[in-house]
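A short reminder: the numbers here are calculations on the coordinates, not readings from a lab. No experiment lies behind these values; they were computed from the predicted model shown. All Cβ positions, glycine included, derive from the backbone under ideal geometry; neighbour counts span all protein chains shown.
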Amino acid sequence: MERQDKDLAFMLQYENIAWYEDGKVKILDRRIYPAQKSFVVCKTHQEVTQAIRDMVTQSAGPFTAAAMGMALAAWECRDLPKTDQLDYLEKASENISHARPTTVKRMALITGGCLEAAKKALNEGKDTALAVRDYAVESNDIRYAKVAKIAEYLVDMIPDRGTVMTQCFAETIVGQMLRVARQRGKTFKMVCPETRPFFQGARLTATVCHDMGFDTTVITDNMPAWYMETEGVDVFTCAADAICMDGHVVNKVGTRQIAIVAKYMGVPMFVTGAPDRGHPDAASIKIEMRDPEFPLQAMGVRTADRGVKGWYPSFDITPPHLISGIVTDRGIYSPYDLNRYFEKGELGLYEMVV
């Protein structure tokens, strides 16, 4: 299979997300990109786990980082007896998959698949670290190809020369959506709320959109309603950290308020991804609470007085009645009818991560 990151923006290239080589994993530091093009270098899989926890990489980036972290773990234990290597890798899988509480189930799928790839390599006498890296690349290719199918359906919903509003950084689907549109000769404006406090929308989404040649505008997080009213938006779309089987969608905090505004304004909301059987309903979701100091600063510069309190849930939950459709690689489904997605079989390894 041809590498599926071909023709995508810089930060969507596999080597520029996270990459294992020679006993180290380098991870693009999205906390400071694009102002600085810098990589955090991890020398142990525990450092990879901490980098994920510290949000060095975000959106779908942690999933690639997790796989590369497993490759690094395989390198770390390469000189141990076979049984000890397997024990080491099982512990590494547990450690890495629990880097962030909201995405444990997806991370476990990824690290578990890497563990199986390592076992196979051990049985065949191959380099386990490189085998896990190869597995990660192959899995990324499968995932990117699946996301390209999602993009085909999503672009169908976007009028030519229309306006699309996003939320946070939807990673692969953003790049694939724009590539599909470009292939069709279709163009539209992109509007990116900044996404406090890490400004992923302003720094990451907007950069990818601009890199791929699309008219891109950044707005602050409190502007979506007025922008829709005065400038007009044709589609609001986002990815999801989890799509519950009851139709509730977990995504970057702020998604819910834009969904409410979009519903009021008559703007359709399309969520990209695939349903998660591991999350039967919204009650199965644990919302990750981040450092309350983050909302009190902007890119390291404090904006609130000392003694003022902060509050920072990383995600919120959008109910199904606000959602027009869940856009998957198998078509567009009602959020109330997600079991039908699985009529053609189960989803493969991290094909759901967009």
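Note down the magnitude of the dipole of the chain about its Cα centre, charges +1 on Lys and Arg C-beta and -1 on Asp and Glu C-beta and zero elsewhere, to the nearest 20 debye.
360
Among GLN58, MET68, GLY113, which residue has its Cα furthest toward the positive end of the charge dipole of the stretch 10-144, with +1 on Lys/Arg Cβ and -1 on Asp/Glu Cβ?
GLN58
Please compute the modelled spin-label separation between GLU21 and TYR264, points set 7 Å along Cα→Cβ, answer in nm with one decimal.
Reported label-point gap for TYR264 and GLU21 is 5.0 nm.
Hey, how many Å between the Cα centroid of the stretch 1-33 and the Cα centroid of the stretch 73-92?
25
With point charges of +1 on the Cβ of Lys and Arg and -1 on the Cβ of Asp and Glu, referenced to the Cα centre of the stretch 129-252, which listed residue (THR163, MET245, PHE188) lies farthest in the positive direction of the dipole?
Of the candidates, PHE188 comes out farthest on the positive side.
Highest mean first, how do 102-112, 206-216, 332-342 rank when packing is the count of other Cβ atoms within 10 Å averaged over residues?
The peptides rank, most packed first, as 102-112, 206-216, 332-342.
On each of the three principal axes of the Cα atoms of the stretch 1-82, give max minus min coordinate, whole Å, ordered largest first.
Its Cα atoms span 43, 33, 19 Å along the three principal axes.
Sticking with the crude label model, points 7 Å out along Cα→Cβ, report the distance from ASP291 to GLU152 in nm, one decimal please.
4.4
Label the stretch 219-354 by shape, choosing from rounded, prolate and oblate, from the square roots a ≥ b ≥ c of the eigenvalues of the Cα gyration tensor; if a/c is under 1.5 it is rounded, and otherwise prolate applies when a/b is larger than b/c, oblate when it is not.
Since a/c reaches 1.5 but b/c is at least a/b, the shape of the stretch 219-354 is classed as oblate.
Rounded to the nearest 5, what % of DSSP beta bridges with both residues in the chain are antiparallel?
Here the antiparallel bridges make up roughly 55 percent for the chain.
With labels modelled as points extended 7 Å from the Cα through the Cβ direction, what inter-label distance (nm, one decimal) is found for GLN183 paired with THR230?
Calculated label separation equals 3.8 nm.
Against the globular-protein guess of 2.2 N^0.38 Å, express the Cα radius of gyration of the chain as a ratio, rounded to two decimals.
That ratio works out to 0.97.
I need the calculated FRET efficiency for the pair ARG340 and ARG306, taking r as the beta carbon distance and R₀ as 45 Å, to the nearest 0.05.
My answer for the efficiency is 0.25.
May I ask you to evaluate 6.51 cos²θ - 1.76 cosθ + 1.60, the Karplus curve with θ = phi - 60°, for each residue of the stretch 226-239 and list the ³J(HN,Hα) values in order in whole Hz, giving x for glycine and proline?
5, 5, 4, 5, 9, 9, x, 9, 8, 9, 10, 9, 8, 8
Just to confirm a number: summing +1 for Lys and Arg and -1 for Asp and Glu over residues other than GLU171 whose beta-carbon lies under 12 angstrom from that of GLU171, what do you get?
In short, +1.
Give, in nm to one decimal, the length gained when the segment between LEU80 and ASN95 is fully stretched (0.36 nm per residue of separation minus the Cα-Cα distance).
Additional length available on full extension: 3.5 nm.
Ignoring solvent entirely, what values of log10 I(q)/I(0) come out of the Debye formula for the stretch 10-144 at 0.10, 0.19 Å⁻¹ when each Cα is a single scatterer?
Once normalised to I(0) and log-transformed, intensities are -0.27, -0.98.
Dipole magnitude of the stretch 151-344 about its Cα centre, charges +1 at Lys/Arg Cβ and -1 at Asp/Glu Cβ only, in debye to the nearest 20?
Using only the charged Cβ atoms, the result is roughly 180 debye.
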